[in-house]
Amino acid sequence: MKKKEIKSLLISLFLLFYSTISAQKYMAVLSGPNEAPPNASSGTGNAIITINGTSMRVQCVFNGLIGNTTATHIHAATAVAGAGTAGVATVTPTFTGFPLGVTSGSYDNTFDMSLASSYNSAYITAHGGTVAQAWADLKAAIVAGKSYFNIHSIIYPGGEIRGFLIPSSCSSTKTGNWNDATVWTCNFIPTSLDNVVVLPGHVVSIPSSFSAFAKNIEINGELKKGLGASLTLNQ
């Protein structure tokens with residue numbers, strides 16, 4: 001391979017690596033009790049938002065809703081983190097291609113947040129009238145914990161299940177052992193620098209005599225520890 005080709009390959013690998021590590025990931029655990037006001041829906045779900053430059057990937061899995069879905073959005077910004085309500089920030093009437101008229105489903109789509117079509121037009125108007133300012137303010141709301149992912153249904157038009165978006169370095173992808181990198185969205189074993197989330201329906205086991213670490217942990221599924229296993233948090 002020629003030096004020029006090697007240099008080009010190294011640059012491409014660097015850009016791919018930089019793009020991967022610069023992406024910011026947030027997640028939300030969705031439920032009826034998380035709504036405002038809370039409701040008695042037995043529906044559950046989780047959402048993952050990945051931000052990379054002006055790209056925003058939206059992933060969601062939900063099931064057990066009482067009513068059929070009518071719309072889904074990100075709302076921002078609430079007055080305080082983790083509580084309250086706010087207007088719709090993202091595209092209306094719903095995320096493009098989100099499954100409607102169902103009680104269970106999944107979704108995965110990426111939006112170009114440099115385009116006005118990725119927003120609620122009223123959100124742009126209320127945030128300086130420009131897409132650039134709207135994107136800056138939406139990211140700020142997400143980082144501050146003042147935005148939430150909301151699934152609306154025919155039974156609960158204001159929202160049947162929702163959850164506030166929080167930073168997530170490592171969320172579980174399936175049931176398995178803590179020391180299995182494929183169990184985590186980060187694709188490595190969590191460290192003391194990582195926010196860890198065990199999602200609903202997943203059982204993560206720390207093997208016997210294994211020492212696990214995390215910056216903090218949110219358990220919405222189940223965490224098991226084998227004999228002599230430990231989990232140290234660096235909050």
- Note on the structure: For the stretch 71-156, the Cα convex hull volume per residue in Å³ comes to 101
- How much of the DSSP beta bridge set in the chain is antiparallel, as a percent to the nearest 5? 75
- Query: Could you give the alpha-carbon Rg of the chain over 2.2 N^0.38 Å, rounded to two decimals?
  - Reply: 1.11
- Packing-based ranking, highest mean first, of 105-111, 41-47 given that Cβ atoms within 10 Å are counted: 41-47, 105-111
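Could you compute Rg(Cα) / (2.2 N^0.38 Å) for the stretch 148-235, with N its residue count?
Expressed relative to 2.2 N^0.38 Å, the Cα Rg reads 1.24.
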- Message: With N set to the number of residues, divide the alpha-carbon radius of gyration of the stretch 25-92 by 2.2 N^0.38 Å and report two decimals.
- Response: 1.17
- Task: Go through Lys146/Lys225; Lys25/Lys174; Lys146/Lys224 and tell me which ones have a Cα-Cα distance over 27 Å in this structure.
- Result: Lys146/Lys225; Lys146/Lys224
- Counting only Cβ distances under 4.7 Å between cysteines, those in the chain with no partner are Cys60
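Every number here is computed from the coordinates shown, using simple stated rules; none is lab data. Predicted, not measured: the structure shown is a model, and the values here were computed from it. A quick note on method: Cβ atoms are made from the backbone with ideal geometry, for glycine too, and the neighbour counts reach across all protein chains shown.
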